[in-house]
Amino acid sequence: MTARRTARTKAAAAIALTATLAAGLAACTDGTVYDSYKPLGEWERADTASFRIPPAGATGTYATDVNIRTNGNYPFMALTIIVDRTVMATDTALADAATTRSDTIDCRLADEKGSSTGSGLSNFQHTFRLPDTELRRGDSMVVSIRHNMMRETLPGIEDVGIRLTRK
């Protein structure tokens with residue numbers, strides 16, 4: 001009877017451990033299929049941050065976030081950027097088809113008092129959601145970001161990034 005109870009206890013413990021690991025792994029996967037940054041330090045008007053997103057693994061709706069990391073040297077409360085997203089279709093009926101969507105985004109980086117609206121202590125992370133993109137399996141995308149400010153050189157912009165998440 002004791003050996004049988006010990007076997008049941010071990011089996012129950014193994015099942016509990018497996019369930020815990022599976023739940024932990026599921027919690028870590030938020031649908032992100034691409035997440036990358038380009039370091040800048042200073043952002044020149046002529047500098048375009050480009051991201052080549054590999055072919056989609058599944059057909060669906062994808063959310064695109066622009067991530068901007070700033071430091072205390074950024075002199076403005078906002079940043080205007082232009083984001084071009086070019087989707088290259090791999091469907092044989094649409095061979096060599098590419099569609100481009102441009103969005104102009106006014107990124108609020110500080111409140112009326114000048115305090116950062118991002119998260120962080122000395123460097124600040126700001127995230128701005130773009131309209132959703134529909135991708136088919138095998139479609140790839142190029143995202144290009146440039147600033148549209150009057151000043152040629154913008155200090156305090158550490159990094160610009162893109163995160164693509166399947167919804």
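The values are calculated or read from the model by the stated rules, or taken from the named source; none is laboratory data. Being a predicted model, the structure only gives us computed values, none of them experimental. No Cβ is skipped: glycine too gets one built from the backbone with ideal geometry, and neighbour counts run over all protein chains shown. Ligands, DNA and RNA are excluded from the accessible area calculation, which covers all protein heavy atoms including side chains. Shrake-Rupley method; radii C 1.70, N 1.55, O 1.52, S 1.80 Å.
Does segment 67-83 hold any residues that are open to solvent by 30 Å² or more (accessible area, probe 1.4 Å) and part of a strand (DSSP E or B), and which are they?
69, 80
In segment 23-36, which residues are open to solvent by less than 60 Å² (accessible area, probe 1.4 Å) and modelled with pLDDT of 90 or more?
31, 32, 34, 36
Restricting to segment 136-157, and then to whatever is in a loop (DSSP other than H, G, I, E, B) and open to solvent by less than 80 Å² (accessible area, probe 1.4 Å), can you tell me which residue is farthest from residue 108 (Cα to Cα)? Steps first, answer last, please.
Filtering segment 136-157 for residues in a loop (DSSP other than H, G, I, E, B) gives 136-139, 148-152, 156.
In the following step, the residues that additionally are open to solvent by less than 80 Å² (accessible area, probe 1.4 Å) were identified as 138-139, 148-149, 156.
Working: 138: 34, 139: 32, 148: 14, 149: 13, 156: 15 Å.
It comes out as 138.
Return the only residue of 20, 90, 9 being modelled with pLDDT of 60 or more, on the phi < 0 side of the Ramachandran plot and polar (S, T, N, Q).
Details: 20 fails: modelled with pLDDT of 60 or more; 9 fails: modelled with pLDDT of 60 or more.
Exactly one residue qualifies, and that residue is 90.
Just for segment 102-118: of the residues that are at pLDDT 95 or above and surrounded by fewer than 12 Cβ atoms within 10 Å (Cβ to Cβ), which one is nearest to residue 34 (Cα to Cα)?
Within segment 102-118, the match that is nearest to residue 34 (Cα to Cα) is 102.
Which condition breaks for residue 114 when tested against (1) in contact (Cβ under 8 Å) with a residue 24 or more places away in the chain; (2) under 22 Å from residue 48 (Cα atoms); (3) in a loop (DSSP other than H, G, I, E, B)?
(2)
Quick check on residue 54: is it closer than 16 Å to residue 137 by Cα and open to solvent by 30 Å² or more (accessible area, probe 1.4 Å)? First the steps, then the outcome.
Details: closer than 16 Å to residue 137 by Cα: yes; open to solvent by 30 Å² or more (accessible area, probe 1.4 Å): yes.
Criteria met by residue 54.
Residue check: is residue 121 farther than 18 Å from residue 164 by Cα and at pLDDT 95 or above? Spell out the reasoning first.
Numbers: farther than 18 Å from residue 164 by Cα: yes; at pLDDT 95 or above: no.
No: the conditions fail for residue 121.
Scan segment 38-51 residue by residue and report those that are at pLDDT 90 or above and open to solvent by less than 60 Å² (accessible area, probe 1.4 Å). Let's see the steps before the verdict.
Going through segment 38-51, the residues at pLDDT 90 or above turn out to be 38-40, 42-51.
Listed by number, the residues that qualify are 40, 43, 49, 50, 51.
With the checklist (1) assigned to a strand (DSSP E or B); (2) open to solvent by 60 Å² or more (accessible area, probe 1.4 Å) in hand, flag the one item residue 128 doesn't pass.
Going through the list (1) assigned to a strand (DSSP E or B); (2) open to solvent by 60 Å² or more (accessible area, probe 1.4 Å), residue 128 breaks only (2).
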